[in-house]
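Structure first, commentary second.
The values are calculated or read from the model by the stated rules, or taken from the named source; none is laboratory data. This is a predicted model, so every value here is computed, not measured. Cβ: placed from backbone, ideal geometry, glycine included. Neighbour counts: every protein chain shown.
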Amino acid sequence: MTERCDRCGSANVQRINLEMAFAPSKTEPVYVLAKPNVCLDCGLVECSLSEESLRELREGALERAVEPAYRGTPSQRIG
């Protein structure tokens, strides 16, 4: 069975190797290896993160939550 794009319905979908870096300000980036499906017609990229990668991102979010620079409303944190 051929994988189809959820956005445009194209069968021109390929699984690629990808490394992503999540780099919230004032914290070390978390590097994630993934194998997303990429539609070569419309550009939609779909992937899921491993449990280990999610754990690392959650731990980084908890560290940021206790830093004084990250208190307040989301609009106050931007910039």
Check your understanding: Does segment 55-71 contain at least one residue that is at pLDDT 75 or above, of a type in the set (D, E), loosely packed, with under 10 Cβ neighbours inside 10 Å and on the phi < 0 side of the Ramachandran plot?
Key -> no
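Quick check on segment 11-20. Is at least one of its residues basic (K, R) and modelled with pLDDT under 80?
Within segment 11-20 (the criterion being basic (K, R) and modelled with pLDDT under 80), the answer is no, since none of the residues qualifies.
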Review point. Restricting attention to segment 21-39, does a residue exist that is of a type outside the set (A, V, I, L, M), at pLDDT 80 or above and either over 21 Å from the mean Cα position of the chain (by Cα) or surrounded by fewer than 12 Cβ atoms within 10 Å (Cβ to Cβ) (or both)?
Key: yes
**Study point:** Residues of segment 1-53 that turn out to be on the phi > 0 side of the Ramachandran plot and in contact (Cβ under 8 Å) with a residue 40 or more places away in the chain, as a count
**Key:** 1
Study note, to complete from the structure: Selection over segment 11-36 where residues are of a type in the set (G, A, S), out of contact with any Ser or Thr (no Cβ under 7 Å at 6 or more places or on another chain) and in a loop (DSSP other than H, G, I, E, B) yields a count of 2
